[in-house]
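A short reminder: the numbers here are calculations on the coordinates, not readings from a lab. Remember, predicted model here, so these are calculated numbers, not experimental data. All Cβ positions, glycine included, derive from the backbone under ideal geometry; neighbour counts span all protein chains shown.
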Amino acid sequence: MIYMSINRTLQPELIAPEKINITKAKKVILDNGFGIYVINSGTDAVVKFEIIFPTGAVDRNSYALAAACHQLAETGTSTKEAIEIAENLDFYGAYLQSEAGPDFKGFSLFSLSRFFNETLPLLNEILEDASFPENELTIWKMRSIQSLNVNSEKVSWLSKTAFNEAIYGSTHPYGYTPDENSFSSITTDALKSFFKTGYNKHEAIIIVSGRVDDNVIKTINTVFGSTPFSKYGVNKNLLPSIQEFVPGKLKIEKKDAVQSAIRIGKKMFGKDHPDYLPMSVVNTILGGYFGSRLMSNIREEKGYTYGIGSGMHPFRNSGSFFISTEVGTDVCDATITEVHKELMRLITEPISVEELVLVKNYLLGSFLRSLDGPFSLADRFKGLILHSLNYEFLENYLHLLHTITPENILEISEKHLHPQTMTEVVAG
Amino acid sequence: MVDFEKFELANGLKVIVNTDTSTPLVAMNILYKVGARNERPDKTGFAHLFEHLMFGGSVNIPNYDEPLQMAGGENNAFTSNDFTNYYLTIPAENLETAFWLESDRMLSLAFSMDSLDVQRNVVVEEFRQRYLNQPYGDAWLLLRPMAFKVHPYQWATIGKEVSHIENATIEDVKSFFSKHYHPANAILTLSGNITTERARQLTEKWFGPILFQPVETLEIPVEPLQQSRRELRVEKDVPYDAIYKAWHSCSRYDKNYHATDLLTDVLSGGKSSRLYNSLVKDKKLFSNVSAYMLGDLDPSLVVVEGKLVSGITPEIAEKALDEELKKVIDEPINERELAKVRQKAESGLIFGEMNHANRALNLAYFEMLGDVNLINNELDAYRNVTSENIRQTAQSIFTESNCSVLNYMAKK
């Protein structure tokens, strides 16, 4: 065979991806009039059934309670013990995941399609009839307290919890971290009453993804569509108002730590803010991908850390921005100086066209990755609906990726990224 | 069931393609058959350090990441005791950039001194972040040398000690590259929107010109049969006592591999598993417990690890654990429990192969084992395990003379 001589110094020509098709969720109305969202996609015979309740831990007292409720719901019903429920799920190779936060909480059932008819009724039984046995609560408390105490030994955890508290205050569920007492004071009565008021099916958002064929829909109809759901609206937001954010500095001592965890950031905004999308591009430039400025400077040039990044954490009513890393204690101050330099660079120097094109292309690829496969599509949709957004948000994002300019980047950075507006937490 | 086609270049590079036109992306995976087990005892952690250096520029391309990101791609890599794996996903239109980048770094690296200086620091920070500055983070650094006296599995991929990384020289880097990074020691797999025809064309174009080099056969010392129980007790700044108990077991190639895997599932797969229900829930001795096998290429370990409830001594906890293990040896598991662990394994296979990057990795992994077709035998291999297989496997593994116990105690 004769090889054409190739020039290895030149990158093959790049082609922008063609029009991006987003497989959208379709609304399917069950027999009782209740609407669910369906993403029928993918090549594997699997189903993910996610049920989300749009109220979470609305105050400090309910924070640990929501977590407990959530993890203990599968540990018993009036007719089944924990091991029977677990054995049934395991037998069909299915698994349940749960999530409980301040804005919402939910359960996801992952099942092989061919066993969905057996696994979904189990989830329903839990939702209808969870009994919260005393013994299970006792074990849960012991385990949760142990894991809290293990986490408290990690500098990354110490800096993260202190940061959230500094931003949102210790009484707001966005900023609160449960302590030992909040776990140990939970009673089964409190669990039962929380479960009754916080998990009404008629308020739920149901998203089903994977191979959602007629049999799957039929099963859902039998389990969730046969009895009428009352028509309540989505619960009003019950969260307390958020305190005024004041930047500050915090140092948490941890004896003998060989690394310090640094977290620098501020209160920002949620997905509904007009600056959210352009800020997410700025965040990528700063610390949102491997080639970001923070990674290039602090890891790849200085070798101070194994990793550094920045991120945005959107809540329904607010959001935060943060830069986080773990570095050798000897280079902690030097790292903070470099972080400030990078923030000032964004504010004062326009980004080069080359760097902006690189970030746009990278984000376009990431966007495609975030839509790959049925479960990714479902997550993407969930990220919209829980923030009261629709697919237009994604189209706006794509449009922004094509049109955002160095001036826009400068303007957004100037508006939101001044180092003196940020809180700095160091643990170690 | 994964569909694929396979071909091999004249220089020995094996290529496997799984076509799925429902995605706009392609995952590319390159596995090099070199890991921590190929290291010398005085230069440990090197395969992993080298993995970092693969991103420090190649002979014709000064920077790996930038052109990939420019093409909308994303990548990462990991090092295990047996192999080193590089993977990326990229929009199908720009797949050629991935071929350009990966073939150039297989051809030769830039061997930049700066890159070595920086990555030595980065890896030292990784050592600190993941192993030294985490509660229980160094448990495996203690357990491995106890279980393995001769075989290189006695050190973790990060290395025995920080000084081995600090002392690495550019000559070490060059000789490691020329020994292990060449077409016949690599497997290239693709999964996603790519036809075999196009894959063949691109592979010939970019990888075809790289010269063949024979694979060196490795002399890896065989771990002698363990004769008696080994035990180590350490006191550290952690909130709770923990136990790690390890037994020598079979290799990934062994006919008992699947039975051993299901055995560990009987013990700790899911919330209906035996150890969780007995030791955590009924007896309240452990706050968590898990059992797993390492499944390495050479005979390796089955491990049970768990944290103890305050006030429980490691002796009491271990005795209760041993009673549970004795049950699996004495009584064959019933049909229902056998069906459960088989079906769990099946669902694990199906969920595990949904993602294209995972599929590409699995194809490469089975080809490394000797034959990519094995990927589609896994389901049957699990279905063929009998309860007597599991019982016998338990009997042969769980003996006192075969175990190493690490009691990781909270400093009082």
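Points to keep in mind about this one:
- Local electrostatic count at A:Val28 - Lys and Arg +1, Asp and Glu -1, tallied over other residues with Cβ under 15 Å: +1
- Calculated FRET value between A:Ser388 and A:Glu354, using beta carbons and R₀ = 30 Å, to 0.05: 0.20
- Shielding by partners, peptide B:254-263 (average Cβ within 10 angstrom, other chains): 0
- Shielding of A:353-363 by partner chains, average beta-carbon count, 10 Å: 3
- Taking amide H as placed 1.01 Å from N in the peptide plane, A:Gly319 has its amide H under 5 Å from the amide H of A:Met268, A:Phe269, A:Gly270, each at least 5 places away in sequence or on another chain.
- Considering only chain A, percent of DSSP beta bridges that pair antiparallel, nearest 5: 85 percent
- Candidates B:Leu349, B:Val302, B:Ala242 compared by Cα position along the dipole of the range B:230-410: farthest toward the positive end lies B:Ala242, with charges placed on Cβ.
- Each Lys and Arg adds +1 at its Cβ and each Asp and Glu adds -1 at its Cβ; summed about the Cα centre, chain A shows a dipole of about 460 debye.
- Measuring max minus min along each principal axis, the C-alpha atoms of the protein assembly as shown give extents of 74, 71, 58 Å (largest first).
- Segment A:Asn32-A:His402, extension gain: residue separation times 0.36 nm, minus the distance between their alpha carbons: 128.8 nm
- Reducing the range A:320-357 and the range A:401-428 to their Cα centroids gives an inter-centroid distance of 10 Å.
- Counting only DSSP beta bridges whose two residues both lie in the range B:230-410, roughly 75 percent are antiparallel.
- Taking label points 7 Å from Cα along the Cα-to-Cβ direction, A:Asp213 and B:Ser401 give a separation of 5.5 nm.
- From the C-alpha gyration tensor of chain B, square roots of 5λ in Å: 39, 27, 19
- With the highest mean first, a sort of the peptides A:302-313, B:218-229, B:324-335 on other beta-carbon atoms found within 10 angstrom per residue produces A:302-313, B:324-335, B:218-229.
- Cβ charges +1 (Lys, Arg) and -1 (Asp, Glu), total dipole of the range B:5-207, debye: 740 debye
- Here the Kirkwood formula, the inverse mean of 1/r across different C-alpha pairs, assigns the range A:263-310 a hydrodynamic radius of 11.6 Å.
- Taking every alpha-carbon pair in chain A and binning the separations at 10 Å intervals from zero gives 4, 18, 25, 26, 18, 7, 1, 0 percent.
- Efficiency of FRET from Cβ geometry, B:Leu369 and B:Phe212, R₀ 22 Å, rounded to 0.05: 0.45
- Extension gain, B:Thr169 to B:Asn60: 0.36 nm times the residue separation minus the Cα-Cα distance gives 37.0 nm.
- Cα-based reach from A:Lys201 at 19 Å (exclusive), listing aspartates and glutamates while leaving out same-chain residues under 8 positions away: A:Asp31, A:Glu50, A:Glu74, A:Glu99, A:Asp103, A:Glu125, A:Glu128, A:Asp129
- Peptides B:132-144, A:213-225 ordered by packing proxy, namely the average of other Cβ atoms within 10 Å per residue, highest first: B:132-144, A:213-225.
- DSSP beta bridge pairing in chain B, given as percent antiparallel to the nearest 5: 80 percent
- A simple count of charges around B:Asn18, restricted to other residues whose Cβ falls under 9 Å of its Cβ and scoring Lys, Arg +1 and Asp, Glu -1, yields -2.
- Put simply, the C-alpha atoms of the range A:26-224 give a gyration tensor, and the ellipsoid matching it has half-axes of 32, 19, 16 Å, longest first.
- Extension reserve of the B:Glu335-B:Val150 stretch, reckoned as 0.36 nm per residue once the Cα distance is removed: 62.6 nm
- Centre separation in Å (Cα based) which lies between the range B:231-272 and the range A:115-194: 28 Å
- Counting beta carbons within 10 Å around each of B:His164, A:His418 and listing the fewest first gives the order A:His418, B:His164.
- Value of [θ]222 nm, deg cm²/dmol, for chain B, DSSP H segments ≥ 4, -39500 (n - 2.57) each, nearest 500: -11500 deg cm²/dmol
- Part-to-part distance (alpha-carbon centres) for the range B:55-112 and the range A:259-278, which is given in Å: 31 Å
- Efficiency of FRET between B:Gln392 and A:Glu128 - r from beta-carbon atoms, R0 41 angstrom, step 0.05: 0.40
- With the biggest extent put first, the Cα atoms of the range A:306-428 measure 46, 34, 28 Å across the principal axes.
- Rounded to whole Å, sorted largest first: equivalent-ellipsoid semi-axes of the range B:230-410, Cα gyration tensor: 30, 18, 16
- Backbone N under 20 Å from the A:Asn117 label point (7 Å along Cα→Cβ), restricted to the range A:87-102: A:88-95
- Dividing the summed helix terms, -39500 (n - 2.57) for each DSSP H run of n ≥ 4, by the number of residues in chain A produces a 222 nm estimate of -12500 deg cm²/dmol to the nearest 500.
- Sequence ranges B:171-180, B:305-314, ranked by mean other-Cβ count within 10 angstrom, highest first: B:305-314, B:171-180
- Charge tally in the Cβ shell below 11 Å around B:Asp282, where Lys, Arg are +1 and Asp, Glu are -1, B:Asp282 excluded: +3
- Residue order, fewest to most beta carbons within 10 Å, for B:Ile90, B:Ile170, A:Ile39, A:Ile83: B:Ile170, A:Ile83, A:Ile39, B:Ile90
- Within 10 Å of the Cβ of each residue in A:146-158, the mean number of Cβ atoms contributed by other protein chains is 4.
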